[in-house]
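Each reported figure results from applying straightforward, stated rules to the coordinates on display, with no laboratory input. Because the structure is predicted, anything quoted here is derived from the model rather than measured. Counting neighbours? That spans all protein chains shown, and the Cβs are built from the backbone with ideal geometry, glycine included.
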Amino acid sequence: MSRDNILHKVRTALGRSPSQAVAPPPPVRLRVPEVSMEDRIASMMSHLNELNGKTMRVPTMDAAREFAAGILAGKTALASNSPYLAECGISTLPGVATGITDLGELRQAAATVDIGITSADYALSDTGTLVMLSSPAEARLISLLPFHHLAIVPRERILTSLDELFTVLPHPAEQSSSMVLITGPSRTADIELVLVRGVHGPGFITVVIVG
Amino acid sequence: MSVEFDQKIHTTLEDANLQLAIYTATGRLKQKRVEAVAADSLPDYQELRTQANAIKKHAIENLDHYLEEFERNVEARGGKVIYCKDATEVSDFVLDLAKERGSKLIVKSKSMTTEEVDLNERLEHHGLESVETDLGEYILQLAHEKPYHIVAPALHKTRYDVAEIFTRELHVPNETEPEKITLTARAVLREKFLHADIGISGANFLVADSGAVTIIENEGNARLTTTAPKIHIAIAGIEKVIPRAQDLAVFLKLLARSATGQNLSVYASFLSGPRRPGEIDGPEEFYVVLLDNGRTKLLPDRSKRQSLYCIRCGACLNTCPVYRKIGGHSFPWVYSGPIGAIITPQFMGVSHEPGLPFASSLCGACGEVCPVKIDIPKVLLDLRSDVKKSEAREGLNRLELFAFRIFAWVMTHPQAYEIGGKIAASLAPSGEGKWISSVPAFMRIGPLKAWLSVRDLPPSPPKSFRELWRRR
Ligand code: SF4
């Protein structure tokens, strides 16, 4: 349609010619402070708790499984194909469906279960954020459709901040078609600025930190 | 300026409930921003603003370069980029695609850009169902209204209004608890998400080095819109492009804090192309519509082009004493408040909306809160002088009336400023000298001064805002 016309207008307005070189952009500004693992964990938990998320720290993968079993208690769940969940033994708990690779099945399951269980590629302790890259191991809908999202995260994946995330992962698009940062439960304040959780995404989020 | 907006201002000022709603909501957002950018919460706030400004400046000055880089990278990952000059081209593209794919149902997440081009109306006119899914936008779509605020679109609606709208349009019991209303919306919209063929989103940032669109939200409706349907179309203004994914660290820290006082919004999605081999979900087709719609008109002027740095955080609205009095529907286009006052006349031409650059008191608050450091007062002054130049050719006209009335009304409701000496209904001017000396200092600038000194006060509203407030 209007591609060439618009680009031409832009160039004329800016006084540039096609494929004219560009001065380097301002240097990237990323600051990554040294923060001990214990402090990261504490900060991750307190930020999520402030947002009404639930957090739990467990020493071992077995303990993570036991905690997950306690949350499940008769409810239905869909676990992502994350190898970490399998290693913890969470994918094989009673009531948990997993191993889905077909989109139709995934939609059906994610739309009906009580809990979606995932791991996370990273977490950001400064804000209580989970970073999820879409992959064969992690489908997007599992952290989105169920009303409760349970994430099991080994502690070494906890980074400090956005700055550290973009230092570790300068080009997220090379890894995945979708990177989503999740900071707390879904919320709205569209009616009289009253905060309501779980408007479209999960109303509950529980993050288990292992180690 | 049309009689319609003139009237809108009048009714807004006289509606005590509405005044309270705007005042309370913007006041809370304003306070939350202040806390979120305070030194103990974000020590490098000013540095981040400076960096954000420098990145935007660089991107806009080299816009063609970054648009082409963005386009190349989207296409390398299997997406398509479509440049559209105006509303017709956008709707033609969507309609053609919908027709080719046999699509009937479209879900939309919040996008001011699509409001610009009246996309829903155009799609519905051609028999497609296009559903807004952001709760605020959904309420407004049911009420057949335009957004009141760029961040809190239904800020002017009370829970009772919303309950009534839901009962009327969805035939559900009249329920006034926000939690329950929200759950109703969740259930109704969930069905739409799962059956929609196309999802249309906006974009907060277009990342050139990644070919990615970045979408920031709290509800999860944008994630659903961009994940559940087979086709995702992102519609964004050409000015949204930034050079690198790494720049997002700066913008994400500023945007949510400035908008709602959150450290980060609940969801930030970074989407680059359709689902890849092996990925289980995500759209099969990925399109990015790059819209001009007047933006290229802002580029030639080195000062005024900074209007395009805007990241639509809404902070300038919340802090603006004029917006807080006259509300979002008193502005003639989808963008309201200080940012609306500077971009609307530029998109549409100053002689089309000559009153807007005057819809500000030049108190400077907007420029101070802007996370990308747009010098809004400076751009307003530039535009005022443009208006004056074009008016000089045409003689006095409707502009004077409109702008004058806005100012007069704001001034008769001075509590927002706490300026010395109450200028109220009782203080009618007896002569030009008295009037001009009774206006606050910020009014005694350039063209306004001359203009005020020869004008009479319009009839003042019968009660001041304070009186109305006290009566509650
Ligand atoms: S002009 Fe600045 S403060 Fe106003 S909405 Fe845009 S970015 Fe926010």
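The value obtained for the range A:7-47, namely the Cα convex hull volume divided by the number of residues, is 149 Å³ per residue.
Amide H to amide H distances under 5 Å link A:TYR122 with A:VAL131, where only residues 5 or more positions off or on other chains count and H is placed in the peptide plane. The angle between the Cα long axis of helix A:3-14 and the longest principal axis of the Cα atoms of chain A comes to about 60 degrees, rounded to the nearest 10. Taken residue by residue and averaged, Cβ atoms of other chains lying within 10 Å of the Cβ of A:136-142 number 5. Mean partner shielding of peptide A:161-169, defined as the number of other chain Cβ atoms within 10 Å of each residue Cβ, is 4. Taken about its Cα centre, the range B:37-293 carries a charge dipole of about 500 debye when Lys and Arg each add +1 at the Cβ and Asp and Glu each add -1 at the Cβ.
Panel order for A:VAL210, A:VAL22, by other beta carbons found within 10 Å of each beta carbon, from fewest to most: A:VAL22, A:VAL210.
Against the compact-protein benchmark of 2.2 N^0.38 Å, the Cα-based radius of gyration of the range B:163-283 scales to 1.24.
With a simple spin-label model that places each label point 7 Å from the Cα along the Cα-to-Cβ direction, the separation between B:LYS80 and B:THR184 comes to 4.0 nm. Summing charges over all other residues whose Cβ lies under 9 Å from the Cβ of A:VAL32, with Lys and Arg as +1 and Asp and Glu as -1, gives -2.
Could you calculate the FRET efficiency of B:MET348 with A:GLU87 from 1/(1 + (r/R0)^6), where r is the beta carbon distance between them and R0 is 56 Å, rounded to 0.05? So the FRET efficiency works out to roughly 0.40. When both bridge partners sit in the range B:136-266, DSSP labels roughly 35% of those beta bridges antiparallel. Full extension of the chain between B:GLU100 and B:GLU47 gives 14.2 nm of extra length, using 0.36 nm per residue less the Cα-Cα distance. Take the Cα of A:SER46, step 7 Å toward its Cβ, do the same at A:ASP102, and the gap between the two points is 4.9 nm. Out of B:ALA39, B:TYR83, B:PHE93, whose Cα points farthest toward the positive end of the dipole of the range B:1-126 (charges: +1 Lys, Arg; -1 Asp, Glu; placed on Cβ)? Looking along the dipole axis, the top candidate is B:ALA39. Taking 7 Å steps out from each Cα toward its Cβ at B:ASN174 and B:ARG159 produces label points 1.5 nm apart. Each Lys or Arg adds one and each Asp or Glu subtracts one; over the other residues with Cβ under 13 Å from the Cβ of A:PRO83, this totals -3. The range A:69-130 and the range B:192-267 have Cα centres spaced 25 Å apart. D by Stokes-Einstein for the range B:190-348, Kirkwood Rh over Cα pairs, 4 °C, 1.567 mPa s: 76 µm²/s. Along its three principal directions, the equivalent ellipsoid of the range A:15-123 from the Cα gyration tensor extends over semi-axes of 38, 24, 13 Å, largest first. How far is the Cα center of the range B:107-155 from the Cα center of the range A:147-211, in Å? What the calculation gives is 27 Å, centre to centre.
Placing unit charges on the Cβ atoms only, positive for Lys and Arg and negative for Asp and Glu, gives the range A:34-210 a dipole magnitude near 480 debye about its Cα centre. The length gained on full extension between B:ALA39 and B:ASP6, counted as 0.36 nm times the residue separation minus their Cα-Cα distance, comes to 7.7 nm.
Rg/Rh for the range B:80-213 stands at 0.99; both radii use Cα atoms, and Rh follows the Kirkwood definition. Counting Cβ atoms of other protein chains within 10 Å of each residue's Cβ and taking the mean over peptide B:148-161 gives 2. Here the range A:34-210 carries DSSP beta bridges of which approximately 30% are antiparallel, counting only pairs with both residues inside. Here the calculated FRET efficiency for B:SER385 and B:THR88, from their Cβ-Cβ distance with R0 = 41 Å, stands at 0.80, rounded to the nearest 0.05. Equivalent-ellipsoid semi-axes for the range B:37-293 (Cα gyration tensor, √(5λ), whole Å, largest first): 29, 25, 16. Using the rule -39500 (n - 2.57) for each DSSP H run of four or more residues, divided by the residues of chain A, the 222 nm mean residue ellipticity is -8500 deg cm²/dmol.
Please give the net charge around B:PRO147, taking every other residue with its beta carbon less than 13 angstrom from that of B:PRO147, where Lys and Arg add +1 and Asp and Glu add -1. Its environment carries a net charge of -3. Legend: P(r) of the range A:34-210 from all alpha carbon pair distances, 10 Å bins from 0, whole percents, reading 10, 39, 38, 13, 1. Ranked for footprinting exposure by Cβ neighbours inside 10 Å, fewest first, B:ARG223, A:ARG3 give A:ARG3, B:ARG223.
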